[in-house]
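The structure appears right after this line, and notes come after that.
Derivation of every value follows stated rules applied to the coordinates shown; laboratory data play no part. Please read these numbers as outputs of a predicted model, since none were measured by experiment. All Cβ positions, glycine included, derive from the backbone under ideal geometry; neighbour counts span all protein chains shown.
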Amino acid sequence: MSRAQAQERLATQSGTQTKRIRAVFFDFMGTCLDWHSGVVKALPEVIAEPTRSQLALDWREEFFSELHARSQQGVPPEDIDVTHRRTLLRLLSREAYKEERRHFVGLGEDRGSTSVALDGERTPILSIERAVNSWHSMTSWPDVLPALTALKKDLGVELFVLANGTTRLQLDLARSSGLEGTFSMLFSSELLGVYKPAPEAYEKAMGLVRVRPEEAVMVAAHAYDLRAARQLGMRTVYVYRWTDDRSEVMDEVRRENDVFLDESDSCMQGLPAAIRALDQVSLQMQCAE
């Protein structure tokens, strides 16, 4: 029996009681959306597919490194397109991508330029802006929409996006992924004025929808995100995606969170049962007080 099945059995045996969990917050890219496929497709086709895949993965890690640095410095969120452009240019300037960078040209920090200099070289073929824009159009993972539909229909909880990025980005992604109208609200770092994992990001989002930490669940494919949410008293559900958290030790991540969903639970298909079980645990704790 999988963990999700065990949780559903616990929820069923506990009977129907007053719901305690009122809101479920979701990270977006990686957790709900397959960012990797779209980015790989947008990179120059003359580059071999395995190299494009690795470049996309390295770009994502470079982006997160910059994001975490900016969060620690306490600087206000910037346009995510600017961050993506800067981190891609930095990655392409490295020796590891010396052969691939000649296939890129686009706009650097000077948006009026028609090419970009990498190590003193002017690169000849269009691609930088196409690659940056690819982050605005993604498909959802196949398990996401059925899970979100079940959460709303069967459990009656409110669903929110809580993710780093701009509001424009989130609107574009909700539309391109087929998830438009699924969430009650899209909370971006731009809108909140602070990056995750700063505590203020979670506190502001919960405050705006009037839920307490013990009434909220954070769902993400990023361990750093859930560690911050858990410190505030939120319940946490980790959804394993092969595209993200490649340097994390999954056994440790599994122990850190209330629920860990992977292929054995059909990933997010196990989420409704997990939320139902967490709701029962919350109720039992309330009754014991």
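Label-point separation (nm) for Ser37 and Arg90, each offset 7 Å from Cα along Cα-to-Cβ?
In this crude spin-label approximation the distance works out to 3.0 nm.
Can you sort Val209, Val40, Val46 from fewest to most other Cβ atoms within 10 Å of each residue's own Cβ?
Ascending number of Cβ neighbours within 10 Å: Val46, Val209, Val40.
Extending each Cα 7 Å along its Cβ direction at Leu155 and Ser176, get the distance between those two points in nm, one decimal.
2.8
Does segment 177-289 come out rounded, prolate or oblate by the C-alpha gyration tensor, with a ≥ b ≥ c the root eigenvalues, rounded set by a/c under 1.5 and, if not, prolate when a/b is larger than b/c and oblate if not?
Because its axes are fairly even, with a/c under 1.5, segment 177-289 counts as rounded.
Taking the Cβ of each residue in Thr31, Thr139 as the centre, tally the other Cβ atoms inside 10 Å and list the residues starting with the fewest. Can you show the working numbers first?
Values: Thr31 24, Thr139 16.
So the ranking, lowest neighbour count to highest, is Thr139, Thr31.
What is the order of Ile275, Ile47, Ile21, fewest Cβ neighbours within 10 Å to most?
Arranged by neighbour count, lowest to highest, Ile275, Ile47, Ile21 become Ile47, Ile21, Ile275.
Among the lysines, which have Cα under 24 Å from the Cα of Lys196 when same-chain residues fewer than 8 positions away are ignored?
Leaving aside lysines fewer than 8 places away in the same chain, those within reach of Lys196 are Lys204.
When only alpha-carbon atoms are used, what values of Rg and Dmax, in angstrom, describe segment 223-278?
Using the Cα atoms of segment 223-278, the pair Rg, Dmax is 11.0, 31 Å.
Check cross-link reach from Lys152 to the aspartates and glutamates: straight Cα distance under 20 Å, and skip same-chain residues fewer than eight apart.
Glu8, Asp27, Asp143, Glu180, Glu214, Glu215, Asp265, Asp279
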